[in-house]
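Structure first, then comments.
Values quoted throughout were computed directly from the atomic coordinates according to the rules given, and no laboratory measurement underlies them. Bear in mind the structure is a predicted one, so any value in this text is a computation, not a measurement.
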Amino acid sequence: MDDFKGDSNLDSIKETTPKKYKRYWVNYFIYPKLQCALALINVLILLCAITYIYFQVQHSFTVIEEIATKANIPKTSYIYSLMGAHKEIVTSAIFTSGILASVLVFVITVLLSHKSLGAIYRLKLYFTNLSENGYVDKLIFRSGDLHGELPEIINKGIDKVRNTEDLP
């Protein structure tokens, strides 16, 4: 391994190899207040649904215990310990799935809003540039952005305006 230290060929390869662009999570937040608000609203809706499910499951166990009591099943019966164990398993599953689903909903909301807000941000930059510098170039969105039909419509409109300005 020591034979390769200081090898000029390897050093030149490292210098000429283009660095791959690495996206950081913070880059996905184009309009952070809006994106976080959307994500939190979605997570809160999910947590409300999970809370409802949790209380319904707890209520069903209470009903089963009432039925067992009315059937004169003694409290020392294995059915009660089985129900207790099952109640713990179900409660744990509800909380675990709630946490995992909340994280997933947050991430998906940020990613999807990034695709939409990225297009809006590019539109804002384009029209800002257009108003400050005049026509420079056609509007282009990234390949994954939503609203992919907008650049074509806007470019046609701007071309039409430019062509009518050229007329005497």
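Histogrammed with a bin width of 10 Å, the alpha carbon distances of region 101-156 distribute as 23, 43, 22, 10, 3 percent, first bin at zero. Database remark: amide H of residue 146 closer than 5 angstrom to the amide H of 116, 119 (H placed geometrically; neighbours at sequence offset of 5 or more, or on other chains; Pro and chain starts carry no H). Each Cα pair under 8 Å and six or more residues apart adds its sequence gap; the mean of these over the residue count of region 69-168 is a relative contact order of 20 percent.
Plainly put, region 31-166 has a radius of gyration that is 1.40 times its Kirkwood radius, both from alpha-carbon atoms, as the Rg/Rh ratio.
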